[in-house]
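Worksheet: one structure, shown below.
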Amino acid sequence: MVRSDLHCLAKREGGNTTPMPVITCIEDLRRLYKRRVPKMFYDYAESGSWSESTFRANVRDFEALRLHQRVAVNMDNRSIAGEMVGQPVAMPVALAPVGLTGMQWADGEILAARAAEQFGVPFILSTMSICSIEDVASHTSKPFWFQLYVMRDRDFIGRLIDRARAAECSALVLTLDLQILGQRHKDLKNGLSTPPRPTLRNLLDLATKPSWCIGMLGTSRRQFGNIVGHASGVENLTSLSQWSAQQLDPTLDWDDVAWIKDRWGGKLILKGILSAEDARLAVRSGADAIVVSNHGGRQLDGAPSSIAALPEIIAAVGADIEVWLDGGIRSGQDVFKALALGARGTLIGRAFVYGLGAMGEAGVSKCLELIANELDLTMAFCGLRNLDSISAEAIWPPDRL
Ligand SMILES: Cc1cc2nc3c(=O)[nH]c(=O)nc-3n(C[C@H](O)[C@H](O)[C@H](O)COP(=O)(O)O)c2cc1C
């Protein structure tokens, strides 16, 4: 049941009055998501590491940027379409890799991939997804992208890359900022597991989330689909948690990046760059794009927000490589601000998870529609008609940068 703090519209259906939420912004989706998904998975998404200061800074630093309004400029015939690594996109926004998406809503990766395909933006499937690469490929009709975590078991990594190629994934996103796992207090306190353990606390919580339970009972996808049955010795969940803790590879370095680039042979995007030094090394590695990212504030707490880190990286490598950004994007205005500061693409993580947990596939579509509309209108108010015309002049006052 939707409570009154969501802007509600009473809709009459066959004599019954059914409250229907009027979703006008990503925050509306987050509120609905919070009500519909078990606390353990809401907390898993809506948290950062340690004190969560970087998690909060990601959003706050976007809010602090003001925009430069223009008037009496022809605003007709606007377009938010662009390209990311040479692939046409309806807007420069990709769905970020998010582990356990299939626990936010049954078959979540398939549904999110379909919504992205329908909208015309890239979907990036996480290594730690519930639905497998093959499963998502068989339920979509256009190529998606695959995100890779590097594990110690290099045979498994090699096979994973080959599976992504066989599924015709059109880009590989290599995540570099999770060689070890950031400590997230809520997950430890909640005893995060997939599926949730049948403790009294979890059962009481699940009793208040009937639509989530019905969905989960109706699917067989409840484990890490890319891993269980594919990595040697991983046949069940207990061994999987031990396996991931032991397998994340702290020795990952630029030689490994070269090996992965070679083995993959296609478009390569390096995710998790936060300094100009690392950005220069990424350019030297021959990657096609980098994502300025602090993993949504989930790894090094105390690191700068992504939008604060962006200008220095643009100054260092903006002319040499496509620089994208993720972290804290909750509106099309945030996308606009990232583009104004030099990013050529963006990724959204939590924003689409809110939509998925709130309303399944329709919620992801809603999230994308909201962001596209906000981006388009913001461009118009700033007197701009296409992505190429967006520059730092759209940030007010320009000399502040
Ligand atoms: C719940 C959750 C799970 C995530 N899982 C992954 C993952 O499996 N692989 C990865 O590269 N990044 C992962 N990330 C980071 C996102 O790809 C992205 O960098 C981040 O969500 C961007 O910040 P935003 O959520 O504020 O948009 C995850 C983020 C969240 C919130």
Checklist (1) more than 24 Å from SER49 (Cα to Cα); (2) at pLDDT 95 or above; (3) of a type in the set (A, V, I, L, M, F, W, C); (4) within 16 Å of the ligand (Cβ to nearest atom) applied to ILE227, failing item
(2)
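Hey, among SER244, SER239, which residue is within 16 Å of the ligand (Cβ to nearest atom), surrounded by fewer than 21 Cβ atoms within 10 Å (Cβ to Cβ), modelled with pLDDT under 95 and of a type in the set (S, T, N, Q)? Talk me through it step by step, then tell me what you get.
Working: SER239 fails: within 16 Å of the ligand (Cβ to nearest atom).
None of the others qualify; the one that does is SER244.
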Let me confirm something: among VAL353, VAL335, VAL323, VAL364, which residue is touching a residue at least 12 places away in the same chain (Cβ under 8 Å) and within 15 Å of LYS271 (Cβ to Cβ)?
VAL323
For region 381-401, indicate whether the set of residues that are closer than 21 Å to LEU29 by Cα and crowded, with 18+ Cβ neighbours inside 10 Å is non-empty.
no
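Given the criteria over 27 Å from SER306 (Cα atoms), modelled with pLDDT of 90 or more and of a type outside the set (D, E, K, R), does PRO210 qualify? It would help to see each step written out before you state the result.
On the way: over 27 Å from SER306 (Cα atoms): yes; modelled with pLDDT of 90 or more: yes; of a type outside the set (D, E, K, R): yes.
Yes: the conditions hold for PRO210.
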Is there a residue in region 106-114 that is over 25 Å from ALA289 (Cβ atoms), of a type in the set (A, V, I, L, M, F, W, C) and within 15 Å of the chain's Cα centre (by Cα)?
yes
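Provide a single number: the residues in region 61-85 that are more than 12 Å from the ligand (Cβ to nearest atom) and either under 18 Å from the mean Cα position of the chain (by Cα) or not in a loop (DSSP other than H, G, I, E, B) (or both). Walk me through how you get there before you give the answer.
As a first pass, look at region 61-85 and keep what is more than 12 Å from the ligand (Cβ to nearest atom): 63-85.
Now restrict to residues that are either under 18 Å from the mean Cα position of the chain (by Cα) or not in a loop (DSSP other than H, G, I, E, B) (or both): 63-64, 66-67, 82-85.
Residues meeting the conditions: 8.
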Can you pull out the helices (runs of 4 or more DSSP H) entirely within region 131-248 that have at least 1 residues that are touching a residue at least 60 places away in the same chain (Cβ under 8 Å), farther than 19 Å from MET40 by Cα and out of contact with any strand residue (DSSP E or B) (no Cβ under 7 Å at 6 or more places or on another chain)?
133-138, 154-166, 237-247
Residue check, SER306 against (1) small (Gly, Ala, Ser); (2) in contact with an Asp or Glu (Cβ under 8 Å, 6 or more places away or on another chain); (3) surrounded by fewer than 24 Cβ atoms within 10 Å (Cβ to Cβ), all met but one. Which one?
(3)
Residue hits (region 272-308; more than 16 Å from the ligand (Cβ to nearest atom), closer than 24 Å to GLU168 by Cβ and touching a residue at least 40 places away in the same chain (Cβ under 8 Å)) are ASP288
Check ALA96 against each of (1) aliphatic (A, V, I, L, M); (2) at pLDDT below 95; (3) closer than 18 Å to SER331 by Cα and name the one condition it does not meet.
(2)
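Looking only at region 89-109, count every residue that is part of a loop (DSSP other than H, G, I, E, B) and within 10 Å of the ligand (Cβ to nearest atom) and tell me the total. Outline the logic, then answer.
Filtering region 89-109 for residues part of a loop (DSSP other than H, G, I, E, B) gives 90-92, 96-100, 105-107.
Next, from what is left, pick out any that are within 10 Å of the ligand (Cβ to nearest atom): 96-100.
The total comes to 5.
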Just give me the residues in region 350-372 being surrounded by fewer than 22 Cβ atoms within 10 Å (Cβ to Cβ) and small (Gly, Ala, Ser), in sequence order.
GLY360, ALA362, SER365, ALA372
Exactly one condition in (1) within 11 Å of the ligand (Cβ to nearest atom); (2) among the β-branched types (Val, Ile, Thr); (3) in a helix (DSSP H, G or I) is not met by ILE314; state its number.
(1)
Reported set for region 115-169 where residues are away from the ligand (no atom under 15 Å from the Cβ), within 21 Å of the chain's Cα centre (by Cα) and under 19 Å from SER220 (Cα atoms) is GLU134, ASP135, ALA137, HIS139, THR140
All-but-one check, ILE269 against (1) part of a helix (DSSP H, G or I); (2) in contact (Cβ under 8 Å) with a residue 60 or more places away in the chain, failing number (1)
With respect to ASP320, is the statement that it is farther than 22 Å from GLU393 by Cα, more than 12 Å from the ligand (Cβ to nearest atom) and surrounded by fewer than 24 Cβ atoms within 10 Å (Cβ to Cβ) true?
no
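For region 331-339, does any single residue satisfy the condition of being of a type in the set (Val, Ile, Thr) and touching a strand residue (DSSP E or B) at 6+ places or on another chain (Cβ under 6 Å)? Spell out how you get there, then give the answer.
The initial filter retains those residues of region 331-339 that are of a type in the set (Val, Ile, Thr), namely 335.
With touching a strand residue (DSSP E or B) at 6+ places or on another chain (Cβ under 6 Å) added as a condition, the list becomes 335.
Within region 331-339, one or more residues are of a type in the set (Val, Ile, Thr) and touching a strand residue (DSSP E or B) at 6+ places or on another chain (Cβ under 6 Å).
The values are calculated or read from the model by the stated rules, or taken from the named source; none is laboratory data. Source: prediction; values computed, not measured. Glycine gets a Cβ as well: all are built from the backbone with ideal geometry, and neighbour counts include every protein chain shown.
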